[in-house]
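Have a look at the structure below before the remarks.
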Amino acid sequence: MSRLVVVSNRVASPTETKGSAGGLAVGVFGALKDSGGVWFGWSGDVVSDTVANQGPKLEQDGAVTFATVGLPKKDYDQYYRGFSNATLWPVFHYRNDLAVYDREEYAGYRRVNSWLAHRAIKLLQPDDVIWVHDYHLIPFGEALRAEGVTNRMGFFLHIPFPSPQILLNIPPHEELVKSLCCYDVVGFQTPGDQAAFHDYIVRHAHGTASAEGHVEAFGRKLKTGVYRIGIFPDEIAEQAKRGEARQDVMDLKQSLEGRKLIMSVDRLDYSKGLVERFKAFEHFLEKSPEWRGNVTLVQIAPPTRSDVDTYQQIRHNLEYEAGRINGRYSGLDYTPIRYMNQRYDRWKLMSLFRESQIGLVTPLRDGMNLVAKEYVAAQNPDDPGVLVLSQFAGAADEMTGALMVNPHDIVGMSEAIGRALSMPLAERRERYETNMKMLRKYDLGVWRDSFLADLRGVDQGKHAPQKR
Ligand code: ADQ
């Protein structure tokens, strides 16, 4: 089998791939181990130009090479903080109101992609299969092609692909889509994302797109597909069970003094609908006095991208809302919202999920949302909690056993909390089983293997120079 080269903005460290981090790192590493290969990307360090140009730094773990480069400050600002996270991320999450566009940042974004491609070339072998991940790296494949690389190349978008009317707000939208068309396979999380891409191809790029995902545009032919990212549910269940008897979890249980528990876990990001969620919980307490003092919302939200302005704003808003609501409904021995900013070990998160009666997952927009899936997998099958899920999470397509909510509808979310708290066991079990069936059908291995099968199925000679 040909080697695999994975390219992502951040590279998991060899220790993270041993299971302590998210399942995604473990899943991708599994594919790398099977075929041997390279994981290439940014180390997360900001370094001098000289140090950056000395990269990539190589670390070997069996048949897998971890190859990382540092980024100079200017590149970090323009490529990562700028165009990736202040333009692409908000627009792809339908938040044009939060997006800024700066030509120089965009130029930096393309420049860094070309520089990364150039650093990666020396690691490539002729029949390697190259799998590029996410919005930071849209032009990476095109930059490799410009250097004469003819390998099979695929791209997977972890976040939503917006409808064309939204995408048109990014001035160089056409260049971005053209870059995507340089890959052989482009993967999306949901049929809606794929359809939005096809829509752009047909209506704005004068191309064609078939229902089977055959796309022709900008003089290129590619395949698009829907590859729903998943988890390994049995592994999550195992972690959740293992944590049950651990001290931290027992302490939490004791501190709840028999109260019901609602769990929410998200990166601190405006796409996750945290403020609306807090307001829904407040509304629930307002309308259901019998529940005051009897139910606690634990919100775990580690900060990310804290040097991007909009992220400082959301953090500020959330602290304000938590303080305000707690001020209104706390008692001497009761705090309605426990809001924490730390990262937690996976086993701890999973066992907290298992202890809780509701998983409240209400993003305004989300590519997939793995927390929703982890919540379900962590439940005790004999007495499962209820997933309350936003219709705008990619996971909503599969988790049809969830109580579905519109995260803009504060009253609707508040009603769903009430319904979930008093749901009979038989209904909870039925909903849990429905969700578990989908988690097993579309687990992380299926996501990875189906994408790679499509990529490996591409004719290897497709990009070879034509003989005269
Ligand atoms: P994210 O936006 O990061 O991912 P999500 O899919 O929920 O969102 O994944 C977050 C992961 O981080 C989960 O595995 C979760 O358990 C973990 N996590 C969150 N908070 C944590 C904490 N405090 N401590 C430890 N772990 C924590 C992006 C897209 C999503 C898409 C994924 C995968 O935005 O839509 O589902 O990629 O493709």
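The values are calculated or read from the model by the stated rules, or taken from the named source; none is laboratory data. Since this is a predicted model, take the numbers as computed values, not measurements. All Cβ positions, even for glycine, are placed from backbone atoms using ideal geometry, and neighbour counts span all protein chains on display. Only protein heavy atoms, including side chains, enter the accessible area calculation; ligands, DNA and RNA are left aside. Shrake-Rupley method; radii C 1.70, N 1.55, O 1.52, S 1.80 Å.
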Among the numbered criteria (1) surrounded by 15 or more Cβ atoms within 10 Å (Cβ to Cβ); (2) at pLDDT 95 or above, which single criterion is violated by VAL249? (2)
Working only within segment 7-21, note down all residues that are among the small types (Gly, Ala, Ser) and at pLDDT below 75. GLY19, SER20, ALA21
Odd one out for ASP307 among (1) open to solvent by less than 60 Å² (accessible area, probe 1.4 Å); (2) within 14 Å of the ligand (Cβ to nearest atom); (3) not in a helix (DSSP H, G or I): (2)
Specify which of the listed residues (VAL186, VAL215, VAL226) is open to solvent by 20 Å² or more (accessible area, probe 1.4 Å) and hydrophobic (A, V, I, L, M, F, W, C). VAL226
Any chance LEU439 is closer than 30 Å to GLU147 by Cβ and part of a helix (DSSP H, G or I): no
Hits in segment 354-368 (condition: within 9 Å of the ligand (Cβ to nearest atom), touching a Gly at 6+ places or on another chain (Cβ under 7 Å) and either within 26 Å of ARG259 (Cα to Cα) or open to solvent by 10 Å² or more (accessible area, probe 1.4 Å) (or both)): PRO363, ASP366
For segment 238-255, which residues satisfy the criterion of being in contact (Cβ under 8 Å) with a residue 60 or more places away in the chain and either away from the ligand (no atom under 16 Å from the Cβ) or in a helix (DSSP H, G or I) (or both)? GLN239, ALA240, LYS241, ARG242, GLY243, GLU244, ASP248, VAL249, LEU252, LYS253
Got at least one residue in segment 310-329 being part of a helix (DSSP H, G or I), out of contact with any Phe, Trp or Tyr (no Cβ under 8 Å at 6 or more places or on another chain), within 11 Å of the ligand (Cβ to nearest atom) and in contact (Cβ under 8 Å) with a residue 40 or more places away in the chain? no
In segment 263-299, residues that are among the hydrophobic types (A, V, I, L, M, F, W, C), outside any helix (DSSP H, G or I), surrounded by 21 or more Cβ atoms within 10 Å (Cβ to Cβ) and within 16 Å of the ligand (Cβ to nearest atom) total 3
Just one of SER8, SER43 is more than 16 Å from the ligand (Cβ to nearest atom) and small (Gly, Ala, Ser); which is it? SER43
Pair list, Cβ < 8 Å and 6+ apart or interchain, from segment 369-389 residues that are in contact (Cβ under 8 Å) with a residue 24 or more places away in the chain to residues that are of a type in the set (Phe, Trp, Tyr) and more than 11 Å from the ligand (Cβ to nearest atom): VAL376/TYR432; GLN379/TYR432; PRO381/TYR432; PRO384/TYR432
Taking ALA237 as meeting all but one of (1) outside the structural domain of GLU355 (by TED's automatic domain parsing); (2) open to solvent by less than 50 Å² (accessible area, probe 1.4 Å); (3) in contact with a helix residue (DSSP H, G or I) (Cβ under 7 Å, 6 or more places away or on another chain); (4) not acidic (Asp, Glu), write down the number of the exception. (1)
Would you point out the residue of segment 152-164, among those that are more than 16 Å from the ligand (Cβ to nearest atom) and touching a strand residue (DSSP E or B) at 6+ places or on another chain (Cβ under 6 Å), that is most open to solvent (accessible area, probe 1.4 Å)? ARG152
Can you tell me which residue among VAL112, VAL91, VAL149 is in contact with a helix residue (DSSP H, G or I) (Cβ under 8 Å, 6 or more places away or on another chain), open to solvent by less than 10 Å² (accessible area, probe 1.4 Å), within 23 Å of PHE66 (Cα to Cα) and touching a residue at least 24 places away in the same chain (Cβ under 8 Å)? VAL112
Would you confirm whether or not segment 338-351 contains a residue that is more than 16 Å from the ligand (Cβ to nearest atom), among the hydroxyl-bearing types (Ser, Thr, Tyr), without any contact (Cβ under 8 Å) to a residue 60 or more places away in the chain and under 19 Å from MET413 (Cβ atoms)? no
Among residues of segment 391-400, those that are touching a residue at least 40 places away in the same chain (Cβ under 8 Å) and either part of a helix (DSSP H, G or I) or within 11 Å of the ligand (Cβ to nearest atom) (or both), counted: 2
